[in-house]
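Down below is the structure, laid out as structure tokens.
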Amino acid sequence: MMRRLAFVLSLLALSACGLRPLYGGGSGGVVATTLDTVTVSPIAGQAGWLMRNKLVDRLGKGGTSTAAYRLDVTLDDNITAFGVRSDQAATQERRTLRARFQLVELKNGMVVLDDTAGSDAGIDIVSSEYATVAAEQTALENLSDVVADQITARVALFASRTKAK
């Protein structure tokens, strides 16, 4: 009985703290409808193509005629070798993907959000060059997922703070 009472009291206290779900309202909520009005500009290179596709998947329609915002992204994709053996051959690589992104309001051209996102991954260099290249590509795909999630979350947070007022 005491556990139930404590649980109910904790739920009441949590509801009074002012927390609200980011995607409250579902697909008709403020955040979801704002994300649906973001178009993603083309991004240079293979990493850019991959990142743009992942962002369009997360933001919804992206590129519709009802776009209110444009997301401009600049990527920095870097592979650094380290872990050198006695014969001077590297044993590991670190792939780093950083993105600088700007959310531009289309009606006035004003940058309303300017931020960065990034992640990195370790890659073991093995005797098979094919396996190493495949690991580098897999790392890029995984890093693109992480960075696209970060960008989407920050744009969603922007939408919740500006549109909910």
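The values are calculated or read from the model by the stated rules, or taken from the named source; none is laboratory data. As the structure is a computational prediction, the values presented were derived from the model and not from experiment. Positions of Cβ are backbone-derived with ideal geometry, glycine not excepted, and every protein chain shown enters the neighbour counts.
Numbers for the structure displayed
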{"read-out": "Residue within region 68-90 that is closer than 23 Å to T33 by Cβ, touching a helix residue (DSSP H, G or I) at 6+ places or on another chain (Cβ under 6 Å) and either surrounded by 15 or more Cβ atoms within 10 Å (Cβ to Cβ) or not charged (D, E, K, R) (or both) present", "value": "no"}
{"read-out": "Condition broken by V126, with the remaining ones in (1) without any contact (Cβ under 8 Å) to a residue 12 or more places away in the chain; (2) under 17 Å from W49 (Cα atoms) satisfied", "value": "(2)"}
{"read-out": "Inter-residue pairs, beta-carbon under 6 Å, first hydroxyl-bearing (S, T, Y) and in region 96-117, second surrounded by fewer than 18 Cβ atoms within 10 Å (Cβ to Cβ) and in a strand (DSSP E or B), 6+ apart", "value": "T96/N78; T96/D120; T116/R100"}
{"read-out": "Options A131, A99, A153, A117: the member that is of a type in the set (G, A, S) and closer than 18 Å to D36 by Cα", "value": "A153"}
{"read-out": "Test for L59: is it in contact (Cβ under 8 Å) with a residue 60 or more places away in the chain and either aliphatic (A, V, I, L, M) or in contact with a His (Cβ under 8 Å, 6 or more places away or on another chain) (or both)", "value": "yes"}
{"read-out": "Of residues in region 141-165 being in a helix (DSSP H, G or I) and of a type in the set (K, R), the one modelled with the highest pLDDT", "value": "R154"}
{"read-out": "Test: residue in region 75-86 that is assigned to a strand (DSSP E or B) and under 14 Å from the mean Cα position of the chain (by Cα)", "value": "yes"}
{"read-out": "Among (1) of a type in the set (S, T, Y); (2) under 15 Å from M51 (Cα atoms); (3) not in a helix (DSSP H, G or I) - the single one T138 does not satisfy", "value": "(3)"}
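Here is a yes/no grid of residues against (1) at negative phi; (2) more than 12 Å from the chain's Cα centre (by Cα); (3) of a type in the set (S, T, N, Q):
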site	(1), (2), (3)
G48	yes, yes, no
V73	yes, no, no
Q92	yes, yes, yes
A121	yes, yes, no
V126	yes, yes, no
